[in-house]
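Just below is one structure, and these are the notes that go with it.
The values are calculated or read from the model by the stated rules, or taken from the named source; none is laboratory data. All of these numbers come straight from a predicted model, not from anything done at the bench. Glycine gets a Cβ as well: all are built from the backbone with ideal geometry, and neighbour counts include every protein chain shown. Accessible surface areas use protein heavy atoms only, side chains included; no ligands, DNA or RNA. Shrake-Rupley method; radii C 1.70, N 1.55, O 1.52, S 1.80 Å.
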Amino acid sequence: MTQVLNEQHIYVAQLRELSVGIGKKLTIAGLELALFRQDNDEVLAVENRCPHKGGVLSDGIVSGEHVFCPMHDWKIDLRKGEAVAPDVGCVKTYDVSIIDDGVYLLMD
Ligand code: FES
């Protein structure tokens, strides 16, 4: 269910629907995103396409604030969106707000 809190915050999930260590894929307005719940219940959101060759990051192995792409094992920093050196490239990141257990994405 997609619900708009205001013109920029879009409701995407309940926090309890997300599991620490497992990415969740979702599509908003034609954009495929990946959500990653952290130990402290913060949620990090990135574009769901690896900057290398488009691997699906939500299917990757999660390690805290990083995910390992399932295609060729690049390590992506979920907070910055950047591939960890020696690899290079970047995915778009999205700001997330948690309001009353609802997860909202800030879209620009
Ligand atoms: S597509 Fe992600 S590492 Fe190659």
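Results, tabulated for the structure shown:
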quantity: From the options Glu82, Glu32, residue that is on the phi < 0 side of the Ramachandran plot, in contact with a Gly (Cβ under 9 Å, 6 or more places away or on another chain), open to solvent by 20 Å² or more (accessible area, probe 1.4 Å) and within 16 Å of the ligand (Cβ to nearest atom); calculated: Glu82
quantity: Test result for Val43, more than 15 Å from the ligand (Cβ to nearest atom), open to solvent by 60 Å² or more (accessible area, probe 1.4 Å) and in contact with a Lys or Arg (Cβ under 6 Å, 6 or more places away or on another chain); calculated: no
quantity: Positions within the range 67-79 being more than 13 Å from the ligand (Cβ to nearest atom) and surrounded by fewer than 19 Cβ atoms within 10 Å (Cβ to Cβ), in sequence order; calculated: Asp77, Arg79
quantity: Residue tally, condition free of Cβ contacts under 8 Å to residues at least 12 places away in the same chain and within 13 Å of the chain's Cα centre (by Cα), over the range 69-94; calculated: 1
quantity: Subset tally (residues that are aliphatic (A, V, I, L, M) and away from the ligand (no atom under 12 Å from the Cβ)) for the range 46-60; calculated: 1
